[in-house]
Amino acid sequence: MNEPIVLGFETSCDETGVGIVRGHTLLADALATSMAEHERFGGVVPEIASRAHLEAMVPTVHRALADAGIAASDVDAVAVTSGPGLTGALLVGVAAAKAYALALGKPLYGVNHLAAHVAVDELQHGPLAEPSIAMLVSGGHSSLLLVPDLAQEVQSLGRTIDDAAGEAFDKVARVLGLPFPGGPPVDRAAREGDARAIAFPRGLTGPRDAAYDFSFSGLKTAVARWVEARERAGEPVPVADVAASFQEAVADVLTAKAVRACRDHGVDHLVLGGGVAANSRLRALAEERCAAAGIVLRVPSPRLCTDNGAMVAALGSRLVAAGVAPSAPDLGADSSLPIDVVSR
Amino acid sequence: MKREHLLPTLADTHALGRELAAAARPGDLLVLVGPLGAGKTALTQGIGAGLGVREPVTSPTFVIARVHRGGRIPLVHVDAYRLGGAADVDDLDLDASTEESVTVVEWGQGLVEQLAEEHLEVRLDRRDDDVRTALLVPHGPGWTARLDVG
């Protein structure tokens, strides 16, 4: 029996992603990014992102169909990120998905961007063990989730109370004179540095702090202060050591809290997702700590960790398989869609 | 309201935010100025708490702007850190109008003052002993009068 083919649209931020899956098999993952246009601003500018989505949408769909070697009429269902994200950017994807669903006469599923980050791992490692703990870390999100049933039930355990993890990388990169986005250059610089050179603070790790919430604002400030003090003293800033020590603090807190969430909930599967999950130290430390705790760690390849259309198609595929009702034709974008709403 | 504030703890920064929220009116523009880690997002968290907005206020750096509803007045929280030129709030795709909201802009000095006829500048700084300081600088008669009354 042939599994259904799902076409997925992702436009919540700066990537125009169109993915196609058949069941858990990835058929196409076409991506257009407007990052180069945002670089001169040092970050994503919403209006620029929306226009770029509009221009990239149709060519990206055509590329995905060609890569998958299928015709649009072969598609069985359409899925789209309806939130959370930038309102104007989300609207482009939602409008495109509705148009394709209507034109093809196929069901439409409006899905949660964060749940899609979890679903994408099924394309690489097969069906998710349920329940799993999922940790999503990116420029816009830092969340710990309990996932009893990815198609219908996702619970938020904790989130950042100030800066997202990826944002801390961007800001520290700026302090160190490294380019935006800050994740890859900090990761590279850190490879030459000593992670134990500077003891940067681990936010919200005290006994009375919220066990699963994150705080990266104090860490960012500590790095800025440390660098400023060096500069005031007229001493050179050891960029590699600062990068390595900062990255260690982030990876330490993230992995400690994720492992704790697994233990506290009696869950032995952890999934990482989001752009920061591409960080080499986070991956290595997560592997080390999960192995020690008897937890099975699943991390998608870096390419699938960042935003893409395949993750949306993957979640759409799950919803179809679970028999979840499709979205209403008046589906809209919700920039602050709560994490516990998997589809709507 | 005092113009100069010493803010030894995070709670003090939050309290000043709540005080500003109590004085806030729809259409207000607050421009927060100060280096990384001076307490700009913390002050905005206090303003959000004072207005009674629903969601927790977190840094909007990545998305540039976030709208918080459910309070006495909607709060538009903008981070202009990465905007190079003069920003027009229309470019931010906000689903809220600035006339009906309190708009708080971090890193907005020299970029967003034209958004409202007058604004309150809040100069935040971080001393070497980690105490934060705040200086309220009214631009326009309305804010001057409000600060002198309270």
### Task
Under 20 Å from a label point 7 Å along Cα→Cβ of A:ALA322: give me every residue in the range A:97-126 with its amide N that close.
A:107-126
### Message
Amide H of A:PHE214 versus every other amide H placed in the peptide plane: which residues, excluding those fewer than 5 positions away on the same chain, fall under 5 Å?
### Response
A:ARG159, A:THR160, A:ILE161
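Set the Förster distance to 22 Å, then compute FRET efficiency between B:VAL137 and B:SER97 from the Cβ-Cβ distance, nearest 0.05.
0.30
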### Message
Given the options B:LEU75, B:VAL53, B:VAL31, identify the residue whose Cα lies farthest towards the positive end of the charge dipole of the range B:4-130 (+1 on Cβ of Lys, Arg; -1 on Cβ of Asp, Glu).
### Response
B:VAL53
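Do the sum for chain B: with -39,500 (n - 2.57) for every DSSP H run of n ≥ 4, divided by all residues, what is the mean residue ellipticity at 222 nm, to the nearest 500 deg cm²/dmol?
About -7000 deg cm²/dmol.
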### Task
Provide the per-residue ³J(HN,Hα) series for the range A:53-60, in order, calculated from phi with Karplus coefficients 6.51, -1.76, 1.60 and θ = phi - 60°, each as a whole number of Hz, with x at glycine and proline positions.
4, 4, 6, 8, 4, 5, x, 5
### Task
With θ set to phi - 60°, apply the Karplus curve 6.51 cos²θ - 1.76 cosθ + 1.60 along the range A:252-262 and write out the HN-Hα couplings as whole Hz, x wherever there is a Gly or Pro.
4, 5, 4, 6, 4, 6, 5, 5, 4, 4, 4
### Message
Charges at C-beta only: +1 for Lys and Arg, -1 for Asp and Glu. How large is the resulting dipole of the range A:129-302 about its Cα centre, in Debye rounded to 20?
### Response
260
### Message
Placing +1 on the Cβ of each Lys and Arg and -1 on the Cβ of each Asp and Glu in the range A:129-302, which of A:LEU145, A:PHE216, A:LEU254 has its Cα farthest towards the positive end of the resulting dipole?
### Response
A:PHE216
### Task
Tabulate in residue order the Karplus-calculated ³J(HN,Hα) for the range A:202-212, using 6.51 cos²θ - 1.76 cosθ + 1.60 with θ = phi - 60°, rounded to whole Hz; enter x for Gly and Pro.
9, x, 6, 10, x, x, 9, 7, 4, 5, 10
### Task
With r as the distance between the Cβ atoms of A:SER301 and A:ARG188 and R0 = 25 Å, compute the FRET efficiency 1/(1 + (r/R0)^6) and round to 0.05.
0.85
### Summary
With no solvent term and unit scatterers on the alpha-carbon positions of the range A:141-197, Debye gives log₁₀ I(q)/I(0) at q = 0.21, 0.23, 0.29 Å⁻¹ of -0.81, -0.87, -1.08
### Task
Run the dipole for the protein assembly as shown about the Cα centre, Lys and Arg Cβ at +1, Asp and Glu Cβ at -1, nothing else charged, and hand back the magnitude in debye, nearest 20.
780
### Task
Work out, step by step, the length gained on full extension between B:GLU118 and B:VAL149: first 0.36 nm times the residue separation, then minus their alpha carbon distance; give nm to one decimal.
9.4 nm
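For a quick check: sort B:VAL137, A:VAL137, B:VAL53 by the number of other beta carbons within 10 angstrom, fewest at the front.
Result, fewest neighbours first: B:VAL137, B:VAL53, A:VAL137.
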#### Entry: Modelled FRET efficiency - R0 41 Å, A:ARG230 with A:GLU3, Cβ distances, 0.05 increments
0.10
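Mean shadow of the range A:129-302, computed from the convex hull of its alpha carbons, in nm²?
Convex hull of Cα atoms, orientation-averaged projection: 9.9 nm².
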### Task
For helix A:217-232, report the angle its Cα long axis makes with the longest principal axis of the Cα atoms of chain A; keep it between 0 and 90° and round to the nearest 10°.
40
### Query
Given H placed 1.01 Å from N in the peptide plane, which residues other than close sequence neighbours of B:LEU32 have an amide H under 5 Å from its amide H?
B:VAL105, B:GLU106, B:TRP107, B:GLY108, B:VAL122
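A short reminder: the numbers here are calculations on the coordinates, not readings from a lab. No experiment lies behind these values; they were computed from the predicted model shown. Here the Cβ is made from the backbone with ideal geometry for all residues, glycine too, and neighbour counts use every protein chain on show.
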